[in-house]
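Please read the structure below before turning to the comments.
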Amino acid sequence: MAVDMRLPAARRQVASLSAAQEKHLVVPGDIITTDVGFMRGHGTYMDEEKLTASVAGEVERVNKLICVRPLKTRFNGEVGDVVVGRITEVQLKRWKVETNSRLDSVLLLSSVNLPGGELRRRSVEDELAMRDYLQEGDLISAEVQSVFSDGALSLHTRSLKYGKLGQGVLVQVSPSLVKRQKTHFHNLPCGASIIMGNNGYIWLYPTPGQQDEEAGGYYTSLEPISLADREVISRLRNCILALTAHKVLLYDTSVLYCYESSRPHKIKNILKPEIMEEIVMETRQRLLEQAG
């Protein structure tokens, strides 16, 4: 059995953020402000005319509203969010989906495309064939259609870009690390595609050549994936884990920069602490240069 041994090395000092980039972090009980002109938002409470944090996280100010965004939390979905989830149960006219939120999400039979893209009322035959569409353990991509009063999410897959996921790799990260963007479906130039779920579930898969529209989002290719594609996906997975370990915001540009920075290293070495730190520092530098 091969054993990987490394000698202790001096850690390089990471340049601190400028005063403009520093974030206001608080822990429960910290006083945020004593000014009574601010409104109390999520993660805060009033204690003797002082606005106090009730969770650990970053203080966000929107005009006169102050709230605390937790650094580590379950997914609180909003309408329009893109999510990746796993079917946990098939019920009457609905599927239960695990989406990393407090409660299981719901995907109604009336909220999915029928095979062939038919537009009609769902019949008893459709209810009996629900397991032919999606069954327990299947991974899907979907969009949040509405939020129930108890906080559970109602999903839909009425677009051909949503539906059942085929061959690929699922990476689970904290939802707070996924950056909100206009689109969460990206075809990266390295030969792989990525779905950045707002719920912290990231799906990596080979870029498909063409999509069969007659399948209605339920067709999954089971053809063998080439070694080169598998290596690209494995490298992307390790890059995402490296960025997550250093709390770098995840979006298509940061993942692509990290992938390019990791090219000189073997895939299995990316997660070694010293190499991980070097790759992430280079990625951060490129992101700062792009922003500046």
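The phi-based Karplus calculation (6.51 cos²θ - 1.76 cosθ + 1.60; θ = phi - 60°) puts the 3J(HN,Hα) values of the stretch 130-141 at 4, 6, 6, 7, 9, 10, 4, x, 5, 9, 9, 10 Hz, whole numbers, x for Gly and Pro.
Close amide H pairs (under 5 Å, H built 1.01 Å from N) link residue 109 with 94, 95, residues at least 5 positions away or on another chain.
Below 8 Å between Cα atoms, with a sequence gap of 6+, how large is the relative contact order for the chain in percent?
Result for the chain is 13 percent.
The orientation-averaged projected area of the convex hull spanned by the Cα atoms of the stretch 144-205 comes to 5.3 nm². In this structure, the pairs whose alpha-carbon distance is over 27 Å, taken from 96/268; 23/182; 64/179, are 96/268. Comparing Cα centroids, the stretch 152-209 and the stretch 233-270 end up 16 angstrom apart.
For 79, 84, what's the largest-to-smallest order of accessible area, 1.4 Å probe?
79, 84
For residue 266, the lysines whose Cα comes closer than 23 Å to its Cα, not counting residues fewer than 8 places off in the same chain, are 247. For the chain, the solvent-accessible area works out to 59 Å² per residue, with a probe of 1.4 Å and every protein chain left in place. Carbon and sulfur together cover what percent of the accessible area of the chain at a 1.4 Å probe radius? The nonpolar share, carbon plus sulfur, comes to 51 percent. Taking all protein chains together, 128, 271, 107 sort by accessible area into 128, 271, 107, largest first [probe 1.4 Å].
Let me have the relative contact order for the stretch 25-183, percent, based on Cα pairs under 8 Å that are six or more residues apart.
19
A dipole drawn for the stretch 242-292 from +1 and -1 charges on Cβ atoms has a positive end, and of 267, 254, 242 the residue lying farthest that way is 267. What do you get for GluC sites (Glu not before Pro) in the stretch 86-172 restricted to DSSP loop and a cutoff of at most 15 other Cβ within 10 Å of the site's Cβ? Passing sites in the stretch 86-172 are 118, 136. Against the set [x] 54, 43, 33; [y] 69, 41, 39; [z] 61, 56, 40, the structure's computed Cα extents along the principal axes in Å falls on [z]. For the stretch 264-269, backbone phi angles converted through the Karplus equation (6.51, -1.76, 1.60; θ = phi - 60°) give residue-by-residue couplings of x, 9, 5, 4, 6, 8 Hz, Gly and Pro being listed as x. Given +1 at the Cβ of Lys and Arg, -1 at the Cβ of Asp and Glu and no other charges, the dipole of the stretch 57-172 around its Cα centre is 300 debye to the nearest 20. The alpha carbons of the stretch 231-292 stretch over 33, 22, 20 Å along the principal axes, in descending order.
The values are calculated or read from the model by the stated rules, or taken from the named source; none is laboratory data. Everything quoted here is computed from the prediction, not taken from an experiment. Here the Cβ is made from the backbone with ideal geometry for all residues, glycine too, and neighbour counts use every protein chain on show. Each accessible area value is taken on the protein alone, full model and side chains, heavy atoms only, with ligands, DNA and RNA left out. Shrake-Rupley method; radii C 1.70, N 1.55, O 1.52, S 1.80 Å.
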